[in-house]
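Quick notes on the structure that follows.
The values are calculated or read from the model by the stated rules, or taken from the named source; none is laboratory data. Note that this is a predicted model, so its numbers are computed, not measured. Ideal geometry is used to build each Cβ from the backbone, glycine not excepted, and the neighbour counts take in all protein chains shown.
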Amino acid sequence: MADKNNVPSVFTPAENEIWNTIATSPKTAAQLIPDTLTPAEVWDYLKVVTTGLQTAQRAVAKLKPFLGRILVLVRQHEHLYKQLGYESFNDFMGKGVPLQFNISRAEAFNCLRIAEVLPNVPSGQLESLGFSKLNVIASAVRNTTQEGMSVEMVQQKTDYWVSRAETQTVKDLREEVEDQIQANRGELGPKASVVIYVSPETKKRWSEFVADANIQSYCNSEDPGSIFERLLDECSLEWSATVTDALRGQ
């Protein structure tokens with residue numbers, strides 16, 4: 001069996017050899033996987049690569065909540081980022097994390113939010129749910145709980161949304177969360193329109209933004225309204241952190 005610390009443990013010895021070759025060789029994909037492979041060898045390579053990708057995705061899903069928890073602690077020890085020249089935690093999140101660790105600001109704040117809102121969800125459950133669902137759950141809990149609510153009630157809300165996420169797709173879960181938030185606000189019913197007057201250049205930027213496949217993938221939606229709501233969620237989190245830093249005199 002393969003070393004579980006380095007490669008997926010489901011590999012046979014022959015598949016493990018393929019994995020090690022792919023993972024360590026400086027050759028190009030065309031050189032490692034030539035046209036002369038037999039159909040059986042092609043299938044073996046397909047299985048190894050797809051299994052490796054799935055393993056990597058599970059590892060990412062498991063590690064991101066840990067990243068969020070670490071960032072919570074970094075915020076408590078301001079000397080960690082101030083010694084690197086960052087004046088505030090928000091400055092570190094916005095500039096330092098991308099520069100130092102190649103993690104985008106949005107991803108860092110998402111990890112932080114999940115760690116803050118879902119601190120008691122077991123790591124195995126976090127891994128099985130996946131990062132996209134965790135983002136939706138964090139938004140749901142944050143928007144359906146109020147300051148001063150008992151710890152028990154907040155946990156009940158968290159347990160409810162986690163259980164819903166286990167049986168739904170990301171799209172269906174997001175729609176249920178949006179409906180619940182609107183119901184709590186007394187807004188459940190027809191969608192409302194927002195008219196904002198901007199320059200032609202800004203209108204063009206917005207059109208390109210909501211049509212961007214990467215943006216749609218990140219937001220798990222092609223709906224401009226859902227993308228706008230996600231934008232508001234993340235901007236409010238970052239901007240609130242900026243204001244909090246300023247009030248603290250950082």
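Some notes on this structure:
- Residue in the stretch 109-123 that is touching a residue at least 60 places away in the same chain (Cβ under 8 Å), in a helix (DSSP H, G or I), surrounded by fewer than 17 Cβ atoms within 10 Å (Cβ to Cβ) and at negative phi present: yes
- Qualifying residue in the stretch 70-79 (condition: part of a helix (DSSP H, G or I), under 15 Å from the mean Cα position of the chain (by Cα) and at negative phi): yes
- Test: residue 67 is under 26 Å from residue 144 (Cβ atoms), part of a helix (DSSP H, G or I), in contact with a Pro (Cβ under 7 Å, 6 or more places away or on another chain) and touching a residue at least 40 places away in the same chain (Cβ under 8 Å): no
- So residue 126, is it part of a helix (DSSP H, G or I), modelled with pLDDT of 90 or more and under 15 Å from the mean Cα position of the chain (by Cα): no
- Residues in the stretch 80-108 that are of a type outside the set (Gly, Ala, Ser), in contact (Cβ under 8 Å) with a residue 60 or more places away in the chain, assigned to a helix (DSSP H, G or I) and surrounded by fewer than 20 Cβ atoms within 10 Å (Cβ to Cβ): 91, 105.
- Single condition residue 25 does not satisfy, out of (1) in contact with a Leu (Cβ under 9 Å, 6 or more places away or on another chain); (2) touching a residue at least 40 places away in the same chain (Cβ under 8 Å): (2)
- Selection of helices (runs of 4 or more DSSP H) fully inside the stretch 169-233 by the criterion of at least 2 residues being in contact with a helix residue (DSSP H, G or I) (Cβ under 9 Å, 6 or more places away or on another chain), within 22 Å of residue 135 (Cβ to Cβ) and at pLDDT 80 or above returns 170-184, 200-211.
- Residues of the stretch 35-64 classified as polar (S, T, N, Q), surrounded by 14 or more Cβ atoms within 10 Å (Cβ to Cβ) and without any contact (Cβ under 8 Å) to a residue 40 or more places away in the chain, total: 0
- Of the criteria (1) under 30 Å from residue 158 (Cα atoms); (2) under 23 Å from the mean Cα position of the chain (by Cα), which one residue 101 fails: (1)
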